[in-house]
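Student: The structure's right below; bear with me while I get my questions together.
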Amino acid sequence: MLLGEPSPSLAKINTMNMAKLEEKIASLKVEQERMAAKLASLEARDPQPEDKIKAAKDLLERLAALETAAAERLAGKAERKANYEQRNR
């Protein structure tokens, strides 16, 4: 569950290795930048399409939440890896 909705993306994030998580975080940042530009474009229109603006804001919030979840997962994996390597020295 992510922001009250089922999230296949969150399920995928939970199964990714460290390299894939880093790639996912980078792609989420790029997608957030693209959506922010789209939102700015929608807000600049004269008759503002409220439904499209709301959808863009919701998607931007969802992308940010996914990025946070992926970053937390990556940090946890890095910590576990460091602990494992320290024990096995």
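The values are calculated or read from the model by the stated rules, or taken from the named source; none is laboratory data. In this text the structure is predicted, and so the values were computed from the model without any measurement. Note that we place each Cβ from the backbone using ideal geometry, even for glycine, and neighbour counts take in every protein chain shown. These accessible areas exclude ligands, DNA and RNA; they are computed on the full protein's heavy atoms, side chains included. Shrake-Rupley method; radii C 1.70, N 1.55, O 1.52, S 1.80 Å.
Student: Towards the positive end of the charge dipole of the range 20-89, with charges on Cβ (+1 Lys, Arg; -1 Asp, Glu), say which of LEU39, ALA78, LEU21 has the farthest Cα.
Tutor: Value computed over the given set: ALA78.
Student: Which value, in Å² rounded to 10, gives the accessible area of ARG62 with a 1.4 Å probe and all protein chains present?
Tutor: 50 Å²
Student: Moving on. Which entry in (1) 14, 35, 34, 15, 2; (2) 16, 37, 26, 14, 5, 2, 0; (3) 18, 48, 25, 9, 0 is this structure's computed P(r) over Cα pairs in 10 Å bins from 0, in percent?
Tutor: (2)
Student: What residues qualify as long-range amide H neighbours of SER7, i.e. H under 5 Å apart, gap of 5 or more or another chain, H built at 1.01 Å from N?
Tutor: LEU2
Student: Per residue, how large is the accessible surface of the chain? Use a 1.4 angstrom probe and give square angstrom.
Tutor: Here the per-residue accessible area is 72 Å².
Student: What lysines does LYS52 reach when the alpha-carbon gap must be under 19 Å and sequence neighbours fewer than 8 apart in one chain are set aside?
Tutor: Leaving aside lysines fewer than 8 places away in the same chain, those within reach of LYS52 are LYS38.
Student: Want the number for LYS81 to ARG45: 0.36 nm per residue separation, take away the alpha-carbon distance, what's left?
Tutor: Residue separation times 0.36 nm, minus the Cα-Cα distance, leaves 8.0 nm.
Student: With Kirkwood's inverse mean 1/r over C-alpha pairs for Rh, give me the Rg to Rh ratio of the range 46-89, two decimals please.
Tutor: Reported Rg/Rh (Cα atoms, Kirkwood Rh): 1.46.
Student: Taking Cα pairs under 8 Å and at least six residues apart, what relative contact order does the range 13-88 come out at, in percent?
Tutor: Relative contact order for the range 13-88 comes out at 45 percent.
Student: Once phi is turned into ³J(HN,Hα) by the Karplus curve 6.51 cos²θ - 1.76 cosθ + 1.60 with θ = phi - 60°, what whole-Hz value does each residue of the range 84-89 show in order, with x for glycine and proline?
Tutor: Once θ is set to phi - 60°, the couplings for the range 84-89 become 5, 5, 5, 5, 9, 8 Hz.
Student: For the residue pair ALA71 and ASN14, what label-to-label distance in nm results when each label sits 7 Å from Cα along the Cα-to-beta-carbon direction?
Tutor: About 2.2 nm separates the two model spin labels.
Student: Could you work out [θ]222 nm for the chain from helices alone, using -39500 (n - 2.57) per DSSP H run of at least four and dividing by all its residues? Round to the nearest 500 deg cm²/dmol.
Tutor: -29000 deg cm²/dmol
Student: If you put +1 on each Lys and Arg Cβ and -1 on each Asp and Glu Cβ, how big is the dipole of the chain around its Cα centre, in Debye rounded to 20?
Tutor: Dipole about the Cα centre, nearest 20: 540 debye.
Student: Leaving ligands, DNA and RNA out of it, report the carbon-plus-sulfur percent of the accessible area of the range 16-76 at a 1.4 Å probe.
Tutor: In the range 16-76, the share of accessible area belonging to carbon and sulfur is 54 percent.
Student: Another question, then. Considering only protein heavy atoms, with the full assembly of protein chains and a 1.4 angstrom probe, order ARG89, ARG80 by accessible area, largest first.
Tutor: Ranking ARG89, ARG80 by accessible area, largest first, yields ARG89, ARG80.
Student: Could you calculate the contour length gain from GLU23 to LYS54, that is, 0.36 nm times the residue separation minus the distance between their Cα atoms, to one decimal place in nm?
Tutor: 8.4 nm
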